Each structure stands twice: as C-alpha cells, then as structure tokens.
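Novice: Once you've had a glance at the structure underneath, I'll fire off some questions.
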Amino acid sequence: MTTYKLLLLPGDGIGPEVMVQVEKVIGALAEAGLAHFETEHDLVGGCAIDAHGVPLTDAALARADAADAILLGAVGGPKWADVAYEIRPEAGLLRLRKDLGLFANLRPAICYPALADASALKRELVEGLDIMIVRELTGGVYFGEPKEITTLPDGTKRAVDTQVYTTGEIERIAHVAFDLARKRSGRVASAEKHNVMKSGVLWKEVVTDVHAAHYSDVALEHVLADNCAMQLVRRPKQFDVLVTDNLFGDVLSDVAAMLTGSLGMLPSASLGAVDAKGSRKALYEPVHGSAPDIAGKGYANPIAMIGSLAMCLRYSFGLGDAADLVDSAITRTLAAGIRTRDIASDGMEVISTDAMGDAIVRELEQATA
Ligand code: IPM
Ligand code: MG
C-alpha cells in the first residue's frame, strides 16, 4: 500500500488541539489498513515567529513543497498583533498559498440534518444545504501591487490595495468550478462586482467565455457579490457551485459557514494545478481560524479539521471510500447527539475537543471492524 507523506502544520490558537484529533483519525485509518501516512510536523504563523522570527521558514516551505499534502490548523492571535506587517502570522499562510500555487480553494458548506437547529437560519432554509464555494486564492487584492500606506504632503496618509486579475487566472478557476458542477447538480453561480470594478467586468467576461467554449451542459448564472451575500441568507439552497474571487470568497465563505450551524464545521481544500504526473500540490485546512478566545479550553470543535483530512483523502489520494468512512463517522457522531459547545442546542450535553475526536474515532473503528 502507498505511504503518503503528510506535513502537519498545527499553527496557533486552537490549531494544535484540533490537529491532535486528526492525528487520532490518521492512526485509526492506518490501523484499519485503509491508508498509510508518514507524518512530519513544522511551524507556521505566530509559533514560527516565536521560534524563528518569521511566520514560515524556507525549510518549512521546502518541506511543504516535498509533501504529498499539507494539513494546516490555523494561524494568528492577539499575541502577534504588533509584529511588523510583513512577518505577521497570516503572511505565513499566504506565502504557502502563493509559493505553492494553490489557486483553487474549495469550501463546501454542508448542513448536517442533526445540526439544522444550530443554524442562525430557520431549519427549512438550511436543511439539506450543500454548497461548494470555489474561491480564487492566489490573486486579487490579497496579492496585487502596489499595496502600501504612504504619507501625503499634508502629513495625512494614503492606503492602497490593488485588485488585479488576468484572463488566465480567471480561466483556470472557472474550469475548476465547471468541472465540479458536472459532478454535482450542474449549476454554477459566478459572483463579482462588474457594476463598479474593472476586475469584475473581466471576471464576468472570461467566465462567460469559458462556459460557452467548454461547458454548455452546465447552467451558468452571474450574480453581484453583494446580492449573493443577501441571497445566501435569504434562500441559500438556490446555490450549488459558487465561484468567486479571493476577497469575495473570503467573505461569502464565512457567511456560508454560519448557515451550517457553526464555523467549526467547515473544511477546505486549496489545490494547485495538475502537473505532468497527474498530481497537484494541496493544502487542507479548516475555515474557522485560530479562535484565540477559546484556545486551550477544550471547547474547540475538531470536525472542520477532521473533515479537511477527509477532503485530503478524496482530492489528493483518490481514497474516496476512506473519505466517505470519515465523513459518515462524523455524521453518525452528530446524529448520536454528541456536541461540542459551538453546535449544542439548549439543554444538550457538551463534550470537549478531545472527547469529540474520540467519539469520531470510535465510530470509524466500528465501521471498519
Ligand atoms: C481564510 C482566512 C485567511 C484569509 C486569513 C487568516 C489570512 O480568513 O482562510 O478565510 O483571509 O484568506
Ligand atoms: Mg476567512
């Protein structure tokens, strides 16, 4: 059996506690003979600043480049609020995304039946929700130059961020979205702001062209990003695949996350281009972030992190069956009423991060015994 090389980057805040739970799942998969991994650990974010003075060392980047896939916990926290902008914790994550060319960020938002009541929206609006947000991840305003604050002659300041997209960048993310739609319900919505942004005009034009040239079997709809945010909370089930740029994708995926009950439920995959050998660079991380307010308290929900491992099995290693087993272990654990604090309804018993990890591993072991 192939042994896959996984680089684990737990990072900051709740990152390390949720990563420990994934390591248990990795152990259970190996035990059941479903998949074998060689795991290495390294630092990213604030912990890397503390140890090395930078949020990602060249050595860690080289390890990431050499791994078959990367699992990342979360980066950032108030402890590093005053470090220089260039070496802030988030810069480590952005460097991984950019230098490894991870341009396609897949953020599925699925509302588990057992959690429909934990959503801020009414049950009938979110029950059965299954959206795939496809966020462009290496372009746009996150990386555009100039990006600076300058001082004007009168002593006040001027800040500039640059939103920039090229045809090629839009084409490749559009292909990812349309290809995914073919395996799902065959519908894509593309969100931009062509009414105020030139990058939006080009985005809409290129997505339309890619659609016309290659995907006439897929239904395409264009939606303005602000209207899209509104529609996501009004009637979220109208969407299936939603493709959008880096910044809108950041915002819209947080909105979609809350529809599912908790930010603690959303996994993500960040994928590079397919190379000549048919493989691609990939990083998997929960959408939730480092949540410094609850770090170390045992409150964190490890499901998004474990779901990220399931995405890794599916997208990087073609182990769809193992991924299904992990996903259904999560579903059964939730159906049994087992809850961390973020997804508990009134009166439900709440368990710790560690106990949630154990419960999911137990379900997995039962299914594979
Ligand atoms: C995300 C996060 C990151 C982003 C931060 C931590 C830089 O919010 O992955 O959604 O803005 O992309
Ligand atoms: Mg975000």
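The values are calculated or read from the model by the stated rules, or taken from the named source; none is laboratory data. Being a predicted model, the structure only gives us computed values, none of them experimental. Positions of Cβ are backbone-derived with ideal geometry, glycine not excepted, and every protein chain shown enters the neighbour counts. Remember, those area values only see protein heavy atoms, side chains included, never the ligands or the DNA or RNA. Shrake-Rupley method; radii C 1.70, N 1.55, O 1.52, S 1.80 Å.
Residues checked against (1) among the hydrophobic types (A, V, I, L, M, F, W, C); (2) under 30 Å from residue 199 (Cα atoms); (3) open to solvent by less than 40 Å² (accessible area, probe 1.4 Å); (4) within 16 Å of ligand 1 (Cβ to nearest atom):
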site: 249; (1), (2), (3), (4): no, yes, yes, yes
site: 281; (1), (2), (3), (4): no, yes, no, no
site: 329; (1), (2), (3), (4): yes, no, yes, no
site: 335; (1), (2), (3), (4): yes, no, no, no
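Novice: Only one of 49, 70 is aliphatic (A, V, I, L, M), modelled with pLDDT of 95 or more and assigned to a helix (DSSP H, G or I); which?
Specialist: That would be 49, the only listed residue that is aliphatic (A, V, I, L, M), modelled with pLDDT of 95 or more and assigned to a helix (DSSP H, G or I).
Novice: Condition first: basic (Lys, Arg) and open to solvent by less than 50 Å² (accessible area, probe 1.4 Å). Now tell me which residues in segment 107-135 satisfy that.
Specialist: Listed by number, the residues that qualify are 107, 135.
Novice: Within the set of pairs 6 or more residues apart or between chains, which connect a residue that is free of Cβ contacts under 8 Å to residues at least 40 places away in the same chain inside segment 91-107 to a residue that is assigned to a loop (DSSP other than H, G, I, E, B) and within 13 Å of ligand 1 (Cβ to nearest atom) with Cβ atoms less than 8 Å apart?
Specialist: Final answer for the pair search is 91/55; 91/56.
Novice: Across segment 251-279, what is the total count of residues that are polar (S, T, N, Q) and near ligand 1 (Cβ under 10 Å from one of its atoms)?
Specialist: 3
Novice: Would you mind finding the one in 291, 304 that is at pLDDT 95 or above, under 13 Å from the mean Cα position of the chain (by Cα) and of a type in the set (Gly, Ala, Ser)?
Specialist: Working: 291 fails: under 13 Å from the mean Cα position of the chain (by Cα).
Selected residue: 304, the only one of 291, 304 that is at pLDDT 95 or above, under 13 Å from the mean Cα position of the chain (by Cα) and of a type in the set (Gly, Ala, Ser).
Novice: When residues of segment 79-101 are filtered for being closer than 26 Å to residue 306 by Cα and either modelled with pLDDT under 95 or within 14 Å of ligand 1 (Cβ to nearest atom) (or both), how many remain?
Specialist: Matching residues across segment 79-101 total 10.
Novice: Given the structure, is residue 30 without any contact (Cβ under 8 Å) to a residue 12 or more places away in the chain, among the small types (Gly, Ala, Ser) and under 30 Å from residue 365 (Cβ atoms)?
Specialist: yes
Novice: Ok, one more. If we scan segment 305-326, do we find a residue that is touching a residue at least 24 places away in the same chain (Cβ under 8 Å) and within 16 Å of ligand 2 (Cβ to nearest atom)?
Specialist: Yes; the residues of segment 305-326 include at least one that is touching a residue at least 24 places away in the same chain (Cβ under 8 Å) and within 16 Å of ligand 2 (Cβ to nearest atom).
Novice: Give segment 241-255 a look and list any residue that's of a type in the set (A, V, I, L, M) and in contact (Cβ under 8 Å) with a residue 60 or more places away in the chain, or say none.
Specialist: Selection gives 241, 242, 243, 247, 252.
Novice: Related question: In segment 123-139, which residue that is part of a loop (DSSP other than H, G, I, E, B) and touching a Gly at 6+ places or on another chain (Cβ under 8 Å) is farthest from residue 242 (Cα to Cα)?
Specialist: The residue in question is 138.
Novice: Whether any residue in segment 4-13 is out of contact with any strand residue (DSSP E or B) (no Cβ under 8 Å at 6 or more places or on another chain) and either at pLDDT 95 or above or assigned by TED's automatic domain parsing to the domain that holds residue 309 (or both) is what I want to check.
Specialist: No, segment 4-13 has no match at all.
Novice: Given (1) within 13 Å of ligand 2 (Cβ to nearest atom); (2) aliphatic (A, V, I, L, M); (3) assigned by TED's automatic domain parsing to the domain that holds residue 219, identify the lone condition not met by residue 241.
Specialist: (1)
Novice: Looking at (1) open to solvent by 20 Å² or more (accessible area, probe 1.4 Å); (2) assigned to a helix (DSSP H, G or I); (3) in contact (Cβ under 8 Å) with a residue 12 or more places away in the chain, find the lone condition where residue 40 falls short.
Specialist: (2)
Novice: Suppose the filter is modelled with pLDDT of 95 or more and either away from ligand 2 (no atom under 16 Å from the Cβ) or in the same structural domain as residue 185 (by TED's automatic domain parsing) (or both); does residue 157 pass it?
Specialist: On the way: modelled with pLDDT of 95 or more: yes; either away from ligand 2 (no atom under 16 Å from the Cβ) or in the same structural domain as residue 185 (by TED's automatic domain parsing) (or both): yes.
Yes: the conditions hold for residue 157.
Novice: Under 9 Å by Cβ, and 6 or more places apart or on different chains, what pairs join a residue from segment 119-134 that is basic (Lys, Arg) with one that is open to solvent by 60 Å² or more (accessible area, probe 1.4 Å)?
Specialist: 123/117
Novice: Within segment 292-303, can you find the residues that are touching a residue at least 12 places away in the same chain (Cβ under 8 Å) and either surrounded by fewer than 24 Cβ atoms within 10 Å (Cβ to Cβ) or outside the structural domain of residue 334 (by TED's automatic domain parsing) (or both)?
Specialist: Matches in segment 292-303: 292, 294, 295, 296, 298, 299.
Novice: I'm told residue 255 meets every condition in (1) out of contact with any strand residue (DSSP E or B) (no Cβ under 6 Å at 6 or more places or on another chain); (2) modelled with pLDDT of 90 or more; (3) part of a helix (DSSP H, G or I); (4) buried (at least 21 other Cβ atoms within 10 Å of the Cβ) except one. Can you identify the failing condition by its number?
Specialist: Checking residue 255 against (1) out of contact with any strand residue (DSSP E or B) (no Cβ under 6 Å at 6 or more places or on another chain); (2) modelled with pLDDT of 90 or more; (3) part of a helix (DSSP H, G or I); (4) buried (at least 21 other Cβ atoms within 10 Å of the Cβ), the one that fails is (4).
Novice: Right, next: Across segment 64-90, which residue is nearest to residue 46 (Cα to Cα) among those that are small (Gly, Ala, Ser) and touching a residue at least 12 places away in the same chain (Cβ under 8 Å)?
Specialist: Initial filter on segment 64-90 (small (Gly, Ala, Ser)): 64, 66-67, 69, 73-74, 76-77, 81, 84.
Remaining after also requiring touching a residue at least 12 places away in the same chain (Cβ under 8 Å): 64, 66-67, 69, 73-74, 76-77.
Details: 64: 18, 66: 23, 67: 22, 69: 22, 73: 12, 74: 10, 76: 6, 77: 7 Å.
Among them, the one singled out is 76.
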